[in-house]
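Structure, as structure tokens:
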Amino acid sequence: MSEPPQTSAAGPPPRLLTALEKVLRPLVRLLVSYQVTYPQLITMLKAVYVEVAEQDFRVNDKRPSDSRINLLTGVHRKDVKRLRAEPHTASETPRSISTGARLIGHWQGDPDYLDGDGRPRPLRTRAAPGELSEFDALVDRVCRGDIRPRVILDEWLRL
């Protein structure tokens, strides 16, 4: 691999950041369309930062310390140590599961939402005033009030 470009202590050039934003926009659009969440991306990005710093930014061909990788990447030393100790596999199950997947998992596995044959039953999306619909109750149980049920329903209808 070629030598990494030299940078100044002043930080990255503004034109690089502008170009990065232009590159990231379609990438993020793709990730969101495939329901890759921000926490999943951050976890993956931390590992990539550590891997690149370890492999491509050696001094005198010596393995960089956790502190040096922290200095180069901004990834916390505890995370650096953990990531370097873990075996890296690209096909690993993500640590963070999307909200939609968690909702479907609860709906398909929670006895409160199953019929007599153990199959998920249709959930009402409307309820009497002052009450939660079955769908709203499921979202509230899984998301603990972080996301409104209507937002999830609208997104699922869009999909």
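The values are calculated or read from the model by the stated rules, or taken from the named source; none is laboratory data. Here the structure is a predicted model, which means the values were calculated and not measured. Methodologically, a virtual Cβ is constructed for each residue, glycine included, from the backbone with ideal geometry; neighbour enumeration extends over all protein chains shown. The protein model used for the area step is the full one, side chains on, heavy atoms only, and it has no ligands, DNA or RNA in it. Shrake-Rupley method; radii C 1.70, N 1.55, O 1.52, S 1.80 Å.
Descriptive notes on the structure:
- Computed from the C-beta positions of D154 and T18 and an R0 of 30 Å, the FRET efficiency is 0.35 to the nearest 0.05.
- Dimensions of the chain along the principal axes, based on C-alpha atoms and rounded to the nearest Å, stand at 69, 35, 25, largest first.
- With a simple spin-label model that places each label point 7 Å from the Cα along the Cα-to-Cβ direction, the separation between D110 and R77 comes to 4.3 nm.
- The mean sequence separation of alpha-carbon pairs under 8 Å and at least six residues apart, normalised by the residue count of segment 12-152, gives a relative contact order of 14 percent.
- Secondary-structure-derived ellipticity at 222 nm for the chain, considering helices only, amounts to -17000 deg cm²/dmol, per-run term -39500 (n - 2.57) for DSSP H runs with n ≥ 4.
- Counting only protein heavy atoms and a probe of 1.4 Å, the accessible surface of segment 23-159 is 55% carbon and sulfur.
- Using a Förster distance of 35 Å, the FRET efficiency for A128-Q40 (Cβ separation, nearest 0.05): 0.40
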